[in-house]
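Read through the structure below, which is laid out as structure tokens, and then see the notes.
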Amino acid sequence: MPMLHLYDKLLTLPLFQGLSHNDLSQIVEQIPFEFKAFKEQDVIVKEDTPCSNMVFLLDGVVETTAWSDDRQYSLKEQLKAPNVLQPERIFGLTQRYTRTYQALTRCGTLFLRKEYVVSMSSSYDIFRTNLLNILSTQSQRFQHRPWIRQPHSLRERIVRFFIDHCLYPAGSKDFKIKMTQLGAEVNDSRLDVSRALNEMQAEGLLILSRNHIVIPAMERLIM
């Protein structure tokens, strides 16, 4: 990859934003970046594998899949470059990926080993601040969740269930879940849940099939 193009790519990533070209030159000279290309349908990161690298998506679109702990339902959603795949998993109590990331298009990635993330955090204040901002923002969002007004109607509880499981409350979402399971999750009957979902389908907000709910645009559902 040409040096100027590499600098431009790195500066689109949240962890590198704000670094000078001089800083980037030093980083490129000192840190062994591992660039990997993935074809459509290739698995980039698999759920429950150790998070020994910070993985940056430089180009392309990936599909991320997450499962409930009891494997009773799953969610697929899409992420576009530039992005970082679960940066919070490289530290902390559980240093394993909780999602599978699969290439939907040809994807370019950068793998940065954990020890180099630590080294760069020690050497570059801006990199360290960017990393802390990402981790702090996630922590603040999770801490705020219990204080959000509780949903009252069944429809609101269903929408909240969808929101709580998404990485981002926008874009296409693909849930695989049985009506009985969704009923248990929102504390209502399968029949009532089915009626509420069919109402939303009639409004063009989602598409239903057997044990399958596709939400074309999540932002429309929460307006």
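Readers should treat all values here as calculations from the given coordinates under stated rules, not as data from a laboratory. It should be emphasised that the depicted structure is a prediction, and the values quoted were computed from it without experimental measurement. Here Cβ is always computed from backbone atoms with ideal geometry, including for glycine, and neighbour counts include all displayed protein chains.
Odds and ends about this structure:
- Prolate/oblate/rounded label for the chain (Cα gyration tensor, a/c 1.5): prolate
- 10 Å Cβ shell holding at most 10 others, DSSP loop, trypsin sites (Lys or Arg not before Pro): longest site-free stretch of the chain: 72-148
- Listed cross-link partners Lys80/Lys114; Lys114/Lys176; Lys9/Lys176; Lys39/Lys173 are compared with a 32 Å cut-off, the Cα-Cα value being larger for Lys114/Lys176; Lys9/Lys176.
- Rounded to 10°, Cα long-axis angle of helix 154-165 versus longest principal axis of the chain: 20
- Think of region 140-212 as having a plus end and a minus end, set by charges on the Cβ of Lys, Arg, Asp and Glu; of Asn187, Ala170, Phe142, Phe142 sits farthest toward the positive end of this dipole.
- Cβ-based charge dipole, the chain, positive-most Cα from Leu85, Thr100, Ser122: Thr100
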